[in-house]
Amino acid sequence: MASGRGWVRQQHVKQPGPAAQTLTLPSASQTPTSKAQHRCAKISNAASEKKGQLVRRPIKKKPVFTRTSQARYIESLPCEILLKILSYLDPISLMSVSRVSKRFCELSKDNVIWYRIYISSWKVNQRWKYDSEHLLQKKLRDTAISDPELGYWKKIFVRELMMTREKNVTQIMKSVKRYSSGDASVNMQKAVKNSGLTWALTFLDVYGKETVLEHTDVSFRDSSLTLTWNSYIWPELQSLRKIQLHGITPVLTDKCYKTIKNGLQRLSLIAEYDLKKGRNLGKYIGQDMHVKLFHLHPYLILGLWRNGPEIAFVMGTIHYHQLLEKSFLGSAESPYTLSPHVPILDDVDPEYGLHGYQLHIDLYSGPRTYLCKTFRGLFCRKDYIKNGYLRITAIGLLKNRMHAPLAGTVSFLWKTLTFSGSIQNCFLMDVTVLDESEKPYWCLSAPVQLCEGKSSETLYDLMGQSFDLNYRDDIGRVHAELIWMKETEEHYVINLVLYLNTEKVNSYFGTNYTDYSC
């Protein structure tokens with residue numbers, strides 16, 4: 001039976017044709033070792049192909065070019081050819097090529113190349129044309145194209161860019177100051193867009209490593225902006241030594257006056273935070289089941305994961321007052337120094353500096369606005385000057401008509417690239433205090449937390465739970481008392497008081513107020 005089944009199976013199996021019956025593979029002993037043997041092998045292979053046999057041909061090895069060999073090949077080119085190649089590059093590419101090697105650094109400073117770039121930019125940029133036409137003619141008369149000083153025209157080109165940037169920055173800051181405070185948000189958005197201003201964080205660790213992150217999101221409020229930094233990879237918090245906040249403005253623009261990404265940039269240091277190897281994390285604000293918040297005074301909010309000492313996100317809140325000066329006019333190593341205020345003496349008014357104040361307060365988180373209100377005509381009596389502070393009341397405890405509700409349940413909204421959440425009884429607060437001449441006296445933007453208030457014998461003790469809000473810095477304090485109304489399920493601000501530092505007031509107005517004594 002077995003032999004019968006095998007004979008039947010062989011009848012249905014297709015037999016291979018004559019072209020696929022034999023497969024000839026050269027062995028190691030048959031490998032040609034000379035040119036004559038190689039030719040004989042080719043003839044035999046051709047003859048076997050004619051007969052229909054499948055023959056494996058010897059593989060020809062192609063030359064492999066590595067990065068090292070390519071670099072050596074480029075370095076071996078003559079200077080004339082390399083200069084011809086560099087002449088087709090734009091200014092940003094030329095500056096990048098200068099970091100490759102010493103030879104490319106010298107070639108990228110060629111005066112002929114930068115002379116052509118300078119002339120083309122001078123013709124396109126009308127702002128250079130009227131301001132530098134006589135200077136350019138003088139330079140062309142006194143200086144040859146192939147100046148003996150290498151990089152001469154590159155320096156002139158960069159210098160003109162810096163001068164143009166300074167003029168643009170000055171015009172932008174003047175245009176923002178011309179508008180009223182009600183249009184501050186719209187004007188600030190235009191200023192940031194026109195200048196190409198961005199903000200970046202620089203993390204410095206104990207090993208000397210630097211990590212730079214640009215902001216991923218920005219939102220504009222009535223009197224401040226909120227920045228957000230998110231990333232999948234953060235530096236280790238325990239090894240951090242310092243965090244720096246910089247304002248970055250591009251210097252190089254294209255033909256349409258648009259900023260060029262990754263181009264020549266100028267850094268302005270806004271704030272620097274010494275972490276002392278990740279131990280000094282600032283003031284604790286609040287937490288939820290995922291993250292906990294710390295305030296690095298001023299500007300920064302550090303969000304850490306609760307499971308471990310790792311960064312979840314970083315936020316920044318910066319008031320509009322002198323924001324552009326801090327972001328434009330500082331250097332990469334030192335912040336912009338504010339000009340000292342010169343007091344204007346007023347001998348006619350015996351209570352000069354005690355009245356005429358204006359307060360604008362904004363309580364918010366993300367797109368939510370809990371309270372946005374302006375109080376005018378605020379004052380302080382001399383008998384209210386105690387413990388080194390001037391007491392100015394915006395919302396009185398016994399004046400029911402002045403009590404202001406907070407819209408909705410207050411919470412701090414946070415978001416990363418993968419998670420989001422909210423922290424109850426925490427939010428952001430913007431405070432703007434103007435003096436009698438409506439000039440900014442005290443401006444701040446910071447996170448705050450509602451804490452359980454102390455029991456007091458008031459009318460509101462039986463109506464809901466009481467909370468306190470407190471903020472303090474060198475200029476003054478903000479104190480507010482709130483009540484949670486169960487009927488309407490919202491907070492009510494029943495007391496809002498400003499405490500201005502007496503020494504700061506005397507220095508600002510040129511007065512000599514002291515604590516009141518009976």
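Restricting to the stretch 394-406, name every residue that is open to solvent by 60 Å² or more (accessible area, probe 1.4 Å) and either in contact with a strand residue (DSSP E or B) (Cβ under 6 Å, 6 or more places away or on another chain) or not in a loop (DSSP other than H, G, I, E, B) (or both).
Residues satisfying the conditions are N400, R401.
Which residues, counting only those in the stretch 468-505, are within 20 Å of D383 (Cα to Cα), in contact (Cβ under 8 Å) with a residue 60 or more places away in the chain and open to solvent by 30 Å² or more (accessible area, probe 1.4 Å)?
Passing the criteria: R477, Y499, N501, E503.
Determine whether T511 is assigned to a loop (DSSP other than H, G, I, E, B), over 38 Å from the mean Cα position of the chain (by Cα), surrounded by fewer than 15 Cβ atoms within 10 Å (Cβ to Cβ) and of a type in the set (S, T, Y).
Taking the combined requirement at face value, the residue does not satisfy it.
On the basis of being modelled with pLDDT of 95 or more and more than 24 Å from L417 (Cα to Cα), does I260 make the cut?
In short, no.
Please go through the stretch 85-122 and pick out each residue that is outside any helix (DSSP H, G or I) and surrounded by 17 or more Cβ atoms within 10 Å (Cβ to Cβ).
Quick first cut of the stretch 85-122, residues outside any helix (DSSP H, G or I) only: 87-90, 98-101, 108-110.
The answer is S98, S108, K109, D110.
Of everything in the stretch 332-350, what is farther than 30 Å from I270 by Cβ and either in contact with a helix residue (DSSP H, G or I) (Cβ under 7 Å, 6 or more places away or on another chain) or not acidic (D, E) (or both)? Give them in sequence order.
Scanning the stretch 332-350 gives L345, V348, P350.
Can you go through R391, R376 and tell me which one is open to solvent by 60 Å² or more (accessible area, probe 1.4 Å), basic (K, R), closer than 26 Å to Q465 by Cα and assigned to a strand (DSSP E or B)?
Within the list R391, R376, the selection yields R391.
Name the strands (runs of 3 or more DSSP E) wholly inside the stretch 419-467 in which the number of residues that are modelled with pLDDT under 90, out of contact with any Phe, Trp or Tyr (no Cβ under 8 Å at 6 or more places or on another chain) and open to solvent by less than 20 Å² (accessible area, probe 1.4 Å) is 3 or more. It would help to see each step written out before you state the result.
On the way: elements: 420-424, 426-434, 440-449.
Where strands (runs of 3 or more DSSP E) fall fully within the stretch 419-467, none carries at least 3 residues being modelled with pLDDT under 90, out of contact with any Phe, Trp or Tyr (no Cβ under 8 Å at 6 or more places or on another chain) and open to solvent by less than 20 Å² (accessible area, probe 1.4 Å).
Kindly indicate which of R376, R391 is of a type outside the set (V, I, T) and more than 29 Å from G286 (Cβ to Cβ).
R376
Of all residues in the stretch 263-283 being of a type outside the set (A, V, I, L, M, F, W, C) and at pLDDT 85 or above, which is nearest to I92 (Cα to Cα)? Can you show your working first?
Going through the stretch 263-283, the residues of a type outside the set (A, V, I, L, M, F, W, C) turn out to be 263, 265-266, 268, 272-274, 276-280, 282-283.
Next cut, at pLDDT 85 or above only: 266, 268, 272-274, 282-283.
Details: R266: 14, S268: 21, E272: 29, Y273: 32, D274: 34, G282: 40, K283: 43 Å.
Selected residue: R266.
When you check G353 against the structure, is it crowded, with 20+ Cβ neighbours inside 10 Å and of a type outside the set (K, R), yes or no?
For G353, the condition - crowded, with 20+ Cβ neighbours inside 10 Å and of a type outside the set (K, R) - is met.
Anything in the stretch 323-345 that is touching a residue at least 24 places away in the same chain (Cβ under 8 Å), open to solvent by 60 Å² or more (accessible area, probe 1.4 Å) and either over 20 Å from T202 (Cβ atoms) or of a type in the set (K, R) (or both)? List them, or say none.
Hits for the stretch 323-345 are H341, I344, L345.
Across the stretch 176-193, which residue is modelled with the lowest pLDDT among those that are closer than 18 Å to D430 by Cα and of a type in the set (A, V, I, L, M, F, W, C)?
In this case the residue turns out to be A184.
Would you pick out the residues in the stretch 195-220 that are touching a Pro at 6+ places or on another chain (Cβ under 9 Å) and open to solvent by 40 Å² or more (accessible area, probe 1.4 Å)?
Selection gives K209, S219.
Consider only pairs whose beta carbons are under 7 Å apart and that are at least six residues apart or on different chains; among these, list those whose first residue lies in the stretch 307-319 and is over 30 Å from H360 (Cβ atoms) and assigned to a loop (DSSP other than H, G, I, E, B) and whose second residue is at pLDDT below 95 and open to solvent by 20 Å² or more (accessible area, probe 1.4 Å).
P309/Q238; E310/W234
Here are Y352, Y357, Y364: which of them is part of a loop (DSSP other than H, G, I, E, B) and closer than 28 Å to Y320 by Cβ?
Sole residue among the options that is part of a loop (DSSP other than H, G, I, E, B) and closer than 28 Å to Y320 by Cβ: Y352.
Do you know which of the residues in the stretch 468-508 that are acidic (D, E) and more than 36 Å from the chain's Cα centre (by Cα) is modelled with the lowest pLDDT?
Step by step, filter the stretch 468-508, then rank; the result is E487.
Filter the stretch 262-288 down to the residues that are more than 22 Å from the chain's Cα centre (by Cα) and in contact (Cβ under 8 Å) with a residue 60 or more places away in the chain and list them by number.
If the condition is that a residue be more than 22 Å from the chain's Cα centre (by Cα) and in contact (Cβ under 8 Å) with a residue 60 or more places away in the chain, then K277, I285, G286, Q287, D288 are the ones that fit.
Would you please list the contacts, defined by Cβ atoms under 6 Å and residues six or more apart or on different chains, that run from a residue in the stretch 241-260 that is under 20 Å from L324 (Cα atoms) to a residue that is among the aromatic types (F, W, Y) and at pLDDT 90 or above?
Cβ pairs passing all conditions: G247/W199.
The values are calculated or read from the model by the stated rules, or taken from the named source; none is laboratory data. Note that the coordinates shown come from a computational prediction; the quantities given were computed from them, not determined experimentally. FYI the Cβ positions are ideal-geometry reconstructions off the backbone, even for glycines, and counts take in every protein chain you see. Surface areas here come from the heavy atoms of the whole protein model, side chains and all, with no ligands, DNA or RNA. Shrake-Rupley method; radii C 1.70, N 1.55, O 1.52, S 1.80 Å.
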